[in-house]
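Worksheet: the structure to be examined is printed underneath.
The values are calculated or read from the model by the stated rules, or taken from the named source; none is laboratory data. This is a predicted model, so every value here is computed, not measured. Neighbour counts are summed over all protein chains in view; Cβ atoms, including those assigned to glycine, are modelled from backbone coordinates with ideal geometry. SASA here: full protein model, heavy atoms, side chains in, ligands and nucleic acids out. Shrake-Rupley method; radii C 1.70, N 1.55, O 1.52, S 1.80 Å.
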Amino acid sequence: MKEGPDIAQIGALIGDPARANMLAALTGGRALTATELAAAGGVTLQTASSHLSKLEGGGLLAQRKQGRHRYFTLADEAVARLIESMMGLAASLGHLRHQPGPKDPALRKARICYDHLAGDYGVRMLDSLVASGSIDAVGDGLAVTTKGENDLQCIGIDIGSLKSSRRPLCRSCLDWSERRAHLAGSLGKALLASFMEKGWARRIPESRSVVFSPEGERQFLKLFPLESQQGTTSLSLIRW
């Protein structure tokens, strides 16, 4: 095809194993230094700098300076969705880089996907919101209902403020471990931020895993009672 978007350039950038590992490391949402990304890519710092320059030039990365240090992040949410969806496809086709290890159960249960909740708990949250009528699933799109606006307002989510953002309010994101959709967009980000602020959950250092406290897990399961494998339980909204 000689006209239209050139996907070959993006494919070539992501296709290098070291660059792919660097991009995957950044889906955790944290800004990382070149040294940290060199370790993620399994290459020297000099080689990593060359890879990072190519990724930035291709529009997949952004960088910012803080003092003497330079930090790299994914360019935007669209890049994060692309990498996560490719991870999902690779997993479904059996292209795994290692055998399951101790971290896998925690990653599969709850983890960061750029800036929102993923894993079993992420899928459970979206399923519960849809089952309760708070979110309408229209084809591949998601829309917050009037009921959902009222319900979410009751638990401290300012929908009006989120709507004023240029970012989509809610969006489905393919989950690589569950191979189903979890909730992204500004609403997904706001919900995860609330869990963190209230001490329900915390991130594990040097990992994408999110761990819920006993009380946080109790509150989360009460708020989002629908398991990702089921389809009948309604959402039980509570005040935080």
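A single entry from 112, 10 fulfils the requirement of being outside any loop (DSSP other than H, G, I, E, B) and buried (at least 18 other Cβ atoms within 10 Å of the Cβ): 112. Only one of the numbered conditions (1) buried (at least 16 other Cβ atoms within 10 Å of the Cβ); (2) over 17 Å from the mean Cα position of the chain (by Cα) is violated by residue 158, and that is (1). Give the residue, chosen from 37, 89, that is at pLDDT 85 or above and in a helix (DSSP H, G or I). That would be 37, the only listed residue that is at pLDDT 85 or above and in a helix (DSSP H, G or I). Evaluating residue 186 against the criteria (1) within 15 Å of the chain's Cα centre (by Cα); (2) surrounded by 14 or more Cβ atoms within 10 Å (Cβ to Cβ); (3) over 18 Å from residue 29 (Cα atoms) leaves one unmet condition, (3). Just one residue in the set 218, 124, 167, 202 is part of a loop (DSSP other than H, G, I, E, B) and open to solvent by 10 Å² or more (accessible area, probe 1.4 Å); that residue is 167.
Taking into account only those residues within region 145-155 that are surrounded by 13 or more Cβ atoms within 10 Å (Cβ to Cβ) and touching a Leu at 6+ places or on another chain (Cβ under 9 Å), which is nearest to residue 220 (Cα to Cα)? So the residue we want is 155.
Among 117, 142, which is the only one that is surrounded by 15 or more Cβ atoms within 10 Å (Cβ to Cβ), part of a strand (DSSP E or B) and in contact (Cβ under 8 Å) with a residue 60 or more places away in the chain? Write out each step before concluding.
Values: 142 fails: in contact (Cβ under 8 Å) with a residue 60 or more places away in the chain.
It is 117.
For residue 38, are the conditions met, namely being more than 27 Å from residue 188 (Cα to Cα), in contact with a Ser or Thr (Cβ under 9 Å, 6 or more places away or on another chain) and surrounded by 13 or more Cβ atoms within 10 Å (Cβ to Cβ)?
Numbers: more than 27 Å from residue 188 (Cα to Cα): yes; in contact with a Ser or Thr (Cβ under 9 Å, 6 or more places away or on another chain): yes; surrounded by 13 or more Cβ atoms within 10 Å (Cβ to Cβ): yes.
Considered against the rule, which asks whether it is more than 27 Å from residue 188 (Cα to Cα), in contact with a Ser or Thr (Cβ under 9 Å, 6 or more places away or on another chain) and surrounded by 13 or more Cβ atoms within 10 Å (Cβ to Cβ), residue 38 comes out as yes.
Residue 50 meets each of the listed conditions (1) small (Gly, Ala, Ser); (2) modelled with pLDDT under 85; (3) over 18 Å from residue 209 (Cα atoms) apart from (2).
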